[in-house]
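To keep things clear, I will list the structure first and then write my remarks on it.
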Amino acid sequence: MSDPMSMALTEAAAAAAQGEVPVGAVVVESATGRVLARCGNRVEELNDPTAHAELLAIRAASQAIGAARLVDCDLHVTLEPCPMCAQAISFARIRRLVFGAYDPKGGGVEHGARIFTQPTCHHRPEVVGGVREGEAAALLRDFFRVRRD
């Protein structure tokens, strides 16, 4: 079986093929590695500005385990989460966030709002950034290059 970031990259590529910004997310149980959810962005398809891969994966994983808190779960996502998704990650009590490409313009973890460093943030996951960053960044670069040309 693929590693979670490989699965997230596959979801991101599938999202791009549907005209969505290529971001993919996978939620796994920390102890077992069992995949609870894997999603790509669906903003355009659902006409929903909140249909980011991370939110869709958190929702699906919560449904899979029948709980609103994902305390023993890790989220692997191809792009640094935006502030909205970072806050949802905190609310879901995700144990570890692993992301690929950094997002200086729209990120909410290492850039921008830096949600997990705010005093009002009640849960701060372990954060690992830059995992397979080059591949994740290339998907985004290629997606937007086509749209600019």
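The values are calculated or read from the model by the stated rules, or taken from the named source; none is laboratory data. The model shown is predicted, which means the values in this text are computed figures rather than measured ones. Positions of Cβ are generated from backbone atoms using ideal geometry, with glycine treated the same way; all protein chains shown enter the neighbour counts. Areas reflect the complete protein model, heavy atoms only, side chains present, ligands, DNA and RNA absent. Shrake-Rupley method; radii C 1.70, N 1.55, O 1.52, S 1.80 Å.
Some values worked out for this structure:
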| item | result |
| --- | --- |
| Cβ pairs under 7 Å, 6+ apart, first in segment 24-46 and at negative phi, second hydroxyl-bearing (S, T, Y) and in a strand (DSSP E or B) | G24/T78 |
| Cross-chain or 6+ apart pairs with Cβ under 6 Å, segment 137-149 first and open to solvent by less than 80 Å² (accessible area, probe 1.4 Å), then part of a helix (DSSP H, G or I) and at pLDDT 95 or above | L139/A12; F143/A16 |
| Qualifying residue in segment 62-70 (condition: in contact (Cβ under 8 Å) with a residue 12 or more places away in the chain, of a type in the set (D, E, K, R), within 19 Å of I94 (Cβ to Cβ) and touching a strand residue (DSSP E or B) at 6+ places or on another chain (Cβ under 8 Å)) | no |
| Scope segment 8-18; condition open to solvent by 10 Å² or more (accessible area, probe 1.4 Å) and touching a residue at least 40 places away in the same chain (Cβ under 8 Å); matching residues | L9, E11, A13, A16 |
| Residue in segment 107-115 that is within 18 Å of V21 (Cα to Cα) and out of contact with any Phe, Trp or Tyr (no Cβ under 6 Å at 6 or more places or on another chain) present | yes |
| Flag for V131 being touching a strand residue (DSSP E or B) at 6+ places or on another chain (Cβ under 7 Å), open to solvent by less than 50 Å² (accessible area, probe 1.4 Å) and in a loop (DSSP other than H, G, I, E, B) | yes |
